[in-house]
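Asks: The following block contains the structure, expressed as structure tokens.
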Amino acid sequence: MQKEIHAVTGAFGFSGKYIAERLLAEANKVITLTNSFQRKNTFGDRVQAFPFHFQEPQRLTESLQGVSVLYNTYWVRFNHHNFTHEEAVQNTLTLFKAAKEAGVARVVHVSITKPSEDSPLEYFSGKARLERALIESGLSYAILRPAVLFGKEDILVNNIAWALRHLPAFPVFGDGQYKLRPIHVADLAALAVQQGKERENCIIDAVGPETFTYKGLVETLGEIIGCKRPVISVPPAFGHAVGWAVGRVFGDVMITREEIKGLMDNLLDVDAPAAGPTKLSEWATAHASAIGRHYTSELARRTDRASEYQGN
């Protein structure tokens, strides 16, 4: 019996890698669509790589011929002169159209908690536009809405820990009482693969079993890694300036004004059942000696397409 083909965007990156690993562990045939052909392929000949070909939609459709399920993790975190949210939206619309034309049976799409086309934040409005487009496409779909991903290659949790290790105090925006529901990347991958086996349309808040205030998350991580620091409330503009200065040192964007507003507007917290069992507090305790030892740069990952993502 011929194996079904599963296509994963970004299998050499973060969440896409975990999805591909899960699919391979279940003896599926996996291909990936990627912009990072030079990045180390830990899968060897088990995962064949194809370019995205966003500018040549017919070639993208050809790459998806015979694919049963497409797992889409493609997105950008913020606007930059090399990439923008609007470009990511248009590219993803092209991807959905190609999937439809290629006869893909199911799309598992990674979105974000509380998307809204009316949001002033392009991250959330762009994700909402894509959800609507996928729903209206006629494709069978599962839309997964994670808040924050954590794992050994993550950026947010690692860089909070890095700051705790290197700064005399940790500034939080405003009172720090806004909440978030982190989910382990392997739990998201397990959910994605399970939804790839279904055909009923669904939207799932893909959040973890623990709810933290932002201040509480910082305090918890500080205690776990043995670097408790004073957590001080600062105006959002000052907190952004601190993040800008750190990012400047590393040639990165540590945090954006839009991300701060999304946090403070409680857009990363939903009242929903846990979609995975892994607790951030337990995971961080198990990896306490490694978390935050090195700063993780978003822009370095975007510009260096050869190096493997480094983990904690």
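Asks: Of all residues in segment 119-159, which are among the β-branched types (Val, Ile, Thr) and in contact with a strand residue (DSSP E or B) (Cβ under 8 Å, 6 or more places away or on another chain)?
Replies: Across segment 119-159, the qualifying residues are 135, 143, 148, 157.
Asks: May I ask you to list the residues in segment 60-75 that are without any contact (Cβ under 8 Å) to a residue 60 or more places away in the chain and closer than 25 Å to residue 303 by Cβ?
Replies: Once the filter is applied, which keeps residues that are without any contact (Cβ under 8 Å) to a residue 60 or more places away in the chain and closer than 25 Å to residue 303 by Cβ, segment 60-75 yields 60, 63, 75.
Asks: Just a yes or no: is a residue in segment 248-256 at pLDDT 95 or above and within 30 Å of residue 142 (Cα to Cα)?
Replies: Yes, some residue in segment 248-256 is at pLDDT 95 or above and within 30 Å of residue 142 (Cα to Cα).
Asks: Then there's this: Being of a type in the set (Gly, Ala, Ser), surrounded by 19 or more Cβ atoms within 10 Å (Cβ to Cβ) and over 24 Å from residue 283 (Cα atoms) is true for just one of 251, 243. Which residue is that?
Replies: 243
Asks: Does residue 200 satisfy the criteria of being over 30 Å from residue 250 (Cα atoms) and either assigned by TED's automatic domain parsing to the domain that holds residue 75 or in contact (Cβ under 8 Å) with a residue 24 or more places away in the chain (or both)?
Replies: So residue 200 passes the test.
Asks: Of everything in segment 130-157, what is over 14 Å from the mean Cα position of the chain (by Cα), in contact (Cβ under 8 Å) with a residue 24 or more places away in the chain and in a helix (DSSP H, G or I)? Give them in sequence order.
Replies: 130, 131, 133, 134, 135
Asks: Answer yes or no: is there a residue in segment 288-300 that is in contact with a helix residue (DSSP H, G or I) (Cβ under 8 Å, 6 or more places away or on another chain) and polar (S, T, N, Q).
Replies: yes
Asks: Could you tell me whether residue 78 is under 19 Å from residue 32 (Cβ atoms) and either in contact with a Leu (Cβ under 6 Å, 6 or more places away or on another chain) or in the same structural domain as residue 131 (by TED's automatic domain parsing) (or both)?
Replies: Answer is no for this residue.
Asks: Given the criteria more than 30 Å from residue 260 (Cβ to Cβ), crowded, with 17+ Cβ neighbours inside 10 Å and not polar (S, T, N, Q), does residue 110 qualify?
Replies: no
Asks: Kindly provide the set of residues from segment 244-288 that are touching a His at 6+ places or on another chain (Cβ under 7 Å) and of a type in the set (Lys, Arg), ordered by number.
Replies: Scanning segment 244-288 gives a single hit, 257.
The values are calculated or read from the model by the stated rules, or taken from the named source; none is laboratory data. Quantities reported herein were computed from a predicted structural model and do not represent experimental measurements. FYI the Cβ positions are ideal-geometry reconstructions off the backbone, even for glycines, and counts take in every protein chain you see.
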